[in-house]
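Trainee: Have a look at this one before I ask anything.
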Amino acid sequence: MSLWFQNENRLPQTRLTVISYSIVGLMALLLLGFWKLQIVNSDRYSQLAERNRVRSIPIIAPRGAMLDRYGRVIVDNYPSFSVLLLRDDPQQVERLLPQIADGLSVTLDDIEQQIDAAKALPHFQPIVIKPEATPGDIAFIESHRADIPVLEMLMVHRRRYPRGGFMAHVSGYVGEVSSDQIEESGGRYRPGDIVGKAGLERQYNEHLMGVDGMRRSVVNSIGREVGRLEQTDAVPGKPIRLTIDYDLQLVAEEALVGKKGAVVAIDPKSGEVLAMASQPSYDPNDFAIRISKDQWQDLNEDPERPLLDRAIQAQLAPGSVFKIIMATAMLESKALPADYHVFCPGSAEFYGRVFHDWDKKGHGDVDLHKAIVHSCDVFFYNVGKQLGIDRISFYGGNLGLGHKTGIDVPGEETGLMPSEAWKERVFHQKWYPGETISVAIGQGAIAATPVQLAYMIGGITMGGRFHQPHLLLSDKAAPEIDFPISDSTVDTVTQGMYGVVNEPGGTAGASKLPGIELCGKTGSAQVISEQGLKRVGKKADLRDNAWFVGFAPRQNPEIVVAVLVQGGEHGASAAAPIAKNVVKAYYDKKQGKIPPQQLTTQAVPPGIPPSFAAQAARAGQSEPVAEEGVPTKPDAASTKPQPVSTSTPAVPPATLNP
Amino acid sequence: MNEGTGIRDYDWWLLTIIFAICGIGLLEIWSATHAGHLAGMHWKQMWWIALGLGLMMLLSRLDYHSVLDKAPILYLIGILALLAVLVMGHTRYGAKRWLPVMGEFLQVSEIAKLIIIVSLARFFAEVRTERLAIADLCKAAVLIAVPISLILLQPDLGTAMVLVPVVAVGAYLAGIQWKHAAAMVLAAALMVPIGWHHLKPYQKERVSTFLRPEEDPKGSGYQILQSKIAVGSGGFWGKGLGHGSQNQLGFVPVRYSDFILAALAEELGFAGVFVTLVLYTALLLRLIQNAQHAKDRAGMFLVMGVAAILGFHVLVNVAMVIGFMPVTGIPLPLMSYGGSAMLFVFLALGLVMNVRLRRFVN
């Protein structure tokens, strides 16, 4: 072998040794690197590893249903899917956003806004980016599990309300909890929670709302679930049973369709609200998913003010209905003799000003009974003058005006019962005696809500026992305020109200119900003073508000109904028939003419208006019902749909628009 | 030729260290793959180890002088093979690196590494001056520039880089002058911007994400980040073999190969890493000891060439796993799964054994 490359030089031992030490040094350096990761920063990386491995998906607790007094479901839930965005990895999310927006057919702006809004939340908490997932969305998510691992589907229980705004103001609606509410709740609410925002949903939110659970599962690097860790089950919310009688509610809603006003029916013996409706209304189902800004703005700025619950928030002059308070005050204060009577020539002059009676011809010689039956203004002008504003205010206040009734629906207004002190306090002005004359017939600076008037009449007929109106059915008696009224006063006043409906010449004679002692008082209250009216010229929205507050039977009444039809002009023609229908339905049901279970159980009044009846029919066919443990909503298929009260057709709209 | 080379003359210490490292590697390959569709990979690896041991024994019987004697021819063959890969190689993962040989795909650059070791050992053995002359240094540079260029064309930056320490260590041992070394380093530094210009986009990305790994965690920074999470979450004692979530759920990239040390660090903790790195250190020191006891400079250069390549592999791979270096695709010798790499290591160790066996022989 030729070894010509053989080199006999000595080996560079020093350099070899240097290399050895270098290797040991470098290895030590690397070990130091491991030490830093594995010992010093171990906790941080353990957390990151855990976050990689574990995915937490909330399990949404269903809200409790709302049932009527007989257990019929008015508000319940249906299962639905929301699209969740997992944000553990913000950079990744940002990178995938265009793809996500495209796949879910939402705008990039929309998603970015929602991510921005959730900036304060911890990153491991997923956010809902599309509340109602379509089948297409679900397919998109499933097919992109590997390349878009940040999307997840969340089973939610969507609130289902009756269609078309039926009882909307009572039920209220739910929505995502606001930051203010989170603060107030003291930790009970978390961001993203769905809570009651209005109506009973808000009032009884604590009761209706369940506690969400959490499912923790192990996912692999491509986002596929490979194991379950633990699961905290959701605790469903508890249902509430309302005092509402679905059948009466139906009649009330039906009667108000196309009008602007409210109906409140109360059992004066207990304060239980049997029906409470307000129109125009809105569809709470629009809120159940996620109401868009535009939609919300439209509702808020609608001149018809559909969000206003007129039953408890419309503060309007009660008009002649106030004469019941005047009559009670006159008798109870004994400031005037019970047989006090005046001659009504059609107008009268007080303090240098002429006050007209609604009937220019006059009522002739009028006593209290006739004054109520005919609603004689001149009689009550005189009574008012004799009593003075402070005495009127004392009785008005004690009979329920000027303060909240305490009904368990949020947002109730107080109305206004003026007094000398009030005017001094608010306007720093003296009360003019002339103002008392207007107030005596429920005009001027006096305002009441429909629920207050029902409460007032109910209390007076009960001899001064005022039961707090409420919508939650309970074994416990509602708080009661006693302002004793003598039997003779009650008798005189109720007799007068009986005459209003049942005597010849009574203002509500057209609403007489054969066999039923319907009593009541009409009211037609000016929206604006006569002088003001002259200034703006007569316009549709300045037409008088029509009132009727009725009850039955005459003694020991079981039901009080207050009806307001804004711009209805005449209490007798616009408001009284509605009250009559409600009372009639109450008696028909009571007398077994229509057994409750055969009454229509559709959540929507049949046929009115056509658009929402069609929706209801579709809903009845397709919507699955049944939440375990909650009575199911009887749908159209299981019971024959039947008109509630065959003998009382809806008020023809013609009477509304002369 | 075999006179005086008995079974006792093999480096049993070296073999013990090798077996220990291979054992740990097998264990971790099993752990990383047993649950998935890759199950059974450790058996394949065992066959590669067995084959490698056989080839090592075979090569150690051959006198290294005769191997060095054939160096020019080997060098030519190597260059031709690298050209062949470029012309008709099999493309995988976006690079032409594989030539089909007997039903398996052979990574030609692994053979090329071996040939470069032999060629450089031969070259430096011929340098008889105490100090390395600039002319010789340039010759060595050219000698290695050709295969490096060809490997870069595949493109395989990692393997090309691996060849640099062979010439660097060789030059150092051959007595490079400090000013020359400084000039070389400067030249290399100046080459970086030019080289950067010629990097493939994915290579640029790797380097830039190495510098700022948090910017794009699901992109290529993802690998480094997940590797660090795996290592860090392992703690001192680890999560136990088969219980590392980063490893088992697939968060650690190529956990049975390039990132096997990350999987090991997660499941066996700092303790496991310590043992492993001590074993590698022992391996390298043992190689250097063999070089120190080589019969001649040719043997020393041969062994140190092997030591340079293995050392570079180990240091770069380990540094990558803990985020000290960008992702380069350099496997961990003796542990990472892969047939070509395993055969290269055992053949290289065969050369070392060869030198050792002949230290007392004339």
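Trainee: Just list whichever of A:LYS259/A:LYS521; A:LYS238/A:LYS260; A:LYS259/A:LYS360 have alpha carbons separated by over 23 Å in the model shown.
Mentor: On the way: A:LYS259/A:LYS521 20 Å; A:LYS238/A:LYS260 34 Å; A:LYS259/A:LYS360 29 Å.
From the list (A:LYS259/A:LYS521; A:LYS238/A:LYS260; A:LYS259/A:LYS360), the Cα-Cα distance tops 23 Å for A:LYS238/A:LYS260; A:LYS259/A:LYS360.
Trainee: Hey, another quick one. Helix B:134-152 versus the longest principal axis of chain B: what is the Cα-based angle in degrees, 0 to 90, to the nearest 10?
Mentor: 40 degrees
Trainee: I'd like the distance between the alpha-carbon centres of region A:299-349 and region A:89-118, rounded to an integer number of Å.
Mentor: If you average the Cα positions of each part, the centres end up 57 Å apart.
Trainee: For a test of the definition: using alpha carbon positions, the gyration tensor, and the 1.5 limit on a/c, classify region A:30-101 as rounded, prolate or oblate.
Mentor: Oblate shape, in that a/c is at least 1.5 and b/c is the bigger or equal ratio.
Trainee: Below 8 Å, C-alpha to C-alpha, sequence gap of six or more: please give me the relative contact order for region A:48-120 in percent.
Mentor: Computed value for region A:48-120: 15 percent relative contact order.
Trainee: Let me ask something additional. Ordering A:PHE394, A:PHE548 by accessible area with a probe of 1.4 Å, largest first, what comes out?
Mentor: Details: A:PHE394 105, A:PHE548 0 Å².
Heavy-atom accessible area, descending, gives A:PHE394, A:PHE548.
Trainee: So, one more: Where does region B:11-88 land on the Kirkwood hydrodynamic radius, alpha-carbon pairs, in angstrom? Display every interim value, and only then the final one.
Mentor: Numbers: mean 1/r = 0.0641 Å⁻¹.
Hydrodynamic radius (Kirkwood, Cα only) of region B:11-88 equals 15.6 Å.
Trainee: Between A:ALA198 and residues 5 or more places away or on another chain, which pairs have amide H atoms under 5 Å apart, with H built 1.01 Å from N, and which residues are they?
Mentor: Counting only residues 5 or more places away or on other chains, the set is A:TYR173.
Trainee: Turning to a different aspect of this structure: Near B:LYS295, which aspartates and glutamates are there with a Cα under 13 Å away, not counting those fewer than 8 places off in the same chain?
Mentor: Partners found: A:GLU8, B:ASP63.
Trainee: Using a simple spin-label model with points 7 Å from Cα along the Cα→Cβ vector, what separation in nm is obtained for A:HIS207 and A:GLN114?
Mentor: Output for this residue pair reads 3.3 nm.
Trainee: Same structure, new question: Two decimals is fine: what is log10 I(q)/I(0) at q = 0.04, 0.05, 0.09, 0.10 Å⁻¹ for the protein assembly as shown, from a Debye sum with one equal scatterer on every Cα and no solvent?
Mentor: Debye output, listed in q order: -0.41, -0.54, -0.96, -1.10.
Trainee: Please list, in chain and number order, the residues 5+ apart from A:VAL226 or on another chain whose amide H is under 5 Å from its amide H, with Hs placed from the backbone.
Mentor: Under 5 Å from the amide H of A:VAL226: A:VAL218, A:VAL219, A:ASN220.
Trainee: Using the crude model of +1 on Lys and Arg Cβ and -1 on Asp and Glu Cβ, and no other charge, please compute the dipole size for chain B relative to its Cα centre, in debye to 20.
Mentor: 360 debye
Trainee: Here's something else I'd like to know. Taking only C-alpha pairs under 8 Å that are 6+ residues apart, what is the relative contact order of region A:414-517 in percent? Don't skip to the answer; put the middle values down first.
Mentor: On the way: 86 pairs, mean separation 16.2, N = 104.
Contact order relative to length: 16 percent.
Trainee: Going by amide H atoms built from the backbone, whose H comes under 5 Å of the H on A:VAL156, apart from near neighbours?
Mentor: A:SER80, A:PHE81, A:SER82
Trainee: Helix-only estimate, please: 222 nm mean residue ellipticity of chain B, summing -39500 (n - 2.57) across DSSP H runs of length 4 or more and dividing by its residues, to the nearest 500.
Mentor: Numbers: 14 runs with 248 residues, N = 362.
Per the formula, -23000 deg cm²/dmol.
Trainee: Continuing with the same structure: Which lysines, if any, have their Cα less than 29 Å from the Cα of A:LYS36, not counting same-chain residues under 8 positions apart?
Mentor: Within reach: B:LYS204, B:LYS218, B:LYS228, B:LYS239.
Trainee: Further, regarding this structure: In what sequence, highest mean first, do B:245-253, A:141-149 appear when ranked by Cβ atoms within 10 angstrom? Before the final figure, lay out the partial values.
Mentor: Values: B:245-253: 24.2, A:141-149: 14.6.
Packing proxy ranking, top to bottom: B:245-253, A:141-149.
Trainee: Just want the answer: with Cβ charges of +1 for Lys and Arg and -1 for Asp and Glu, which residue in A:PRO135, A:THR107, A:TYR173 is farthest toward the dipole's positive end in region A:82-190?
Mentor: Positive-most Cα among the choices belongs to A:TYR173.
Trainee: Then there is this: Filter chain A for me: DSSP H helices, axial length by Cα at least 27 angstrom, mean Kyte-Doolittle hydropathy not below -1.0. List them by residue number.
Mentor: Qualifying helices, which must be both long enough and hydrophobic enough, are A:13-35.
Trainee: Under 30 Å Cα to Cα from B:LYS179, which lysines show up? Leave out anything in the same chain fewer than 8 places away.
Mentor: Reachable lysines: B:LYS113, B:LYS139.
Trainee: Please list, in order along region B:63-80, the HN-Hα scalar couplings obtained from phi with the Karplus expression 6.51 cos²θ - 1.76 cosθ + 1.60 (θ = phi - 60°), rounded to whole Hz, x for Gly and Pro.
Mentor: So the J values, rounded to whole Hz, are 6, 5, 5, 6, 5, 4, 4, 8, 3, x, 5, 4, 4, 4, 4, x, 4, 5.
Trainee: Right, something else. Nearest 0.05, what FRET efficiency do B:PHE274 and A:GLU50 give at R0 = 35 Å with Cβ-Cβ as r? Please report the intermediate quantities before stating the final value.
Mentor: Working: r = 25 Å, r/R0 = 0.70.
Computed FRET efficiency for B:PHE274 and A:GLU50: 0.90.
Trainee: About its Cα centre, what dipole magnitude does region A:211-335 give when the only charges are +1 on Lys and Arg Cβ and -1 on Asp and Glu Cβ, stated in debye to the nearest 20?
Mentor: 320 debye
Trainee: May I pose another question? Starting at the first residue of region B:112-125, write each ³J(HN,Hα) from the Karplus equation 6.51 cos²θ - 1.76 cosθ + 1.60 with θ = phi - 60°, in whole Hz, x for Gly and Pro.
Mentor: 3J(HN,Hα) across region B:112-125, in whole Hz: 4, 4, 4, 5, 5, 4, 4, 5, 5, 4, 4, 5, 6, 5.
Trainee: Here is a follow-up. Carbon and sulfur together cover what percent of the accessible area of the protein assembly as shown at a 1.4 Å probe radius?
Mentor: Taking all protein chains in place, the protein assembly as shown shows 59 percent carbon and sulfur surface.
Trainee: How high is the FRET efficiency between A:LYS269 and A:LYS361 when r is their beta carbon distance and R₀ equals 30 Å, given to the nearest 0.05? Spell out each step's value before the answer.
Mentor: Numbers: r = 41 Å, r/R0 = 1.35.
After rounding to 0.05, the efficiency reads 0.15.
Trainee: Can you give the accessible area of A:TRP358 in Å² (nearest 10), computed on protein heavy atoms with a 1.4 Å probe?
Mentor: Its accessible surface works out to 140 Å², give or take rounding.
Trainee: Another one. Using the charge dipole of region B:235-322 (Lys, Arg: +1 at Cβ; Asp, Glu: -1 at Cβ; taken about the Cα centre), state which of B:GLY272, B:PHE301, B:LEU287 has its Cα farthest towards the positive end.
Mentor: B:PHE301
Trainee: I would also like to ask the following. With springs connecting C-alpha atoms under 10 Å apart, model chain B as a Gaussian network and identify which of B:ILE116, B:ILE18, B:ILE77 has the largest mean-square fluctuation.
Mentor: B:ILE77
Trainee: Further, regarding this structure: Ordered by residue, what ³J(HN,Hα) values in Hz, to whole numbers, does region B:21-33 give under the Karplus form 6.51 cos²θ - 1.76 cosθ + 1.60, where θ = phi - 60° and Gly and Pro are x?
Mentor: 5, 4, x, 4, x, 4, 4, 6, 5, 4, 4, 6, 10
Trainee: Rounded to the nearest 20 Debye, what is the dipole magnitude of chain A about its Cα centre when Lys and Arg each give +1 and Asp and Glu each give -1 at the C-beta? Please report the intermediate quantities before stating the final value.
Mentor: Values: 66 positive and 75 negative charges, 58 e Å.
Charge dipole of chain A: 280 debye, to the nearest 20.
Trainee: If you don't mind, there's one more thing I want to ask. Round to the nearest 0.05 the FRET efficiency obtained for A:LYS404 and A:ASP233 when R0 = 45 Å and r is the Cβ-Cβ distance.
Mentor: Efficiency for this residue pair is about 0.65.
Trainee: Still on this structure: Given only helices, namely DSSP H runs of n ≥ 4 each adding -39500 (n - 2.57), what is the per-residue ellipticity at 222 nm of chain A, to the nearest 500 deg cm²/dmol?
Mentor: Roughly -10500 deg cm²/dmol at 222 nm, from the helical runs in chain A.
Trainee: While we're on this one: Before I look further, what does region A:233-337 give for accessible area per residue, probe 1.4 Å, in whole square angstrom?
Mentor: 33 Å²
Trainee: Can you tell me the orientation of helix B:260-292 relative to chain B, as the angle in degrees between its alpha-carbon axis and the longest Cα principal axis, to the nearest 10?
Mentor: It works out to around 10 degrees.
The values are calculated or read from the model by the stated rules, or taken from the named source; none is laboratory data. All of these numbers come straight from a predicted model, not from anything done at the bench. Every residue, glycine among them, receives a Cβ derived from its backbone with ideal geometry; neighbour counts consider all protein chains shown. These area figures cover heavy atoms from the full protein model, side chains too; ligands, DNA and RNA do not enter into them. Shrake-Rupley method; radii C 1.70, N 1.55, O 1.52, S 1.80 Å.
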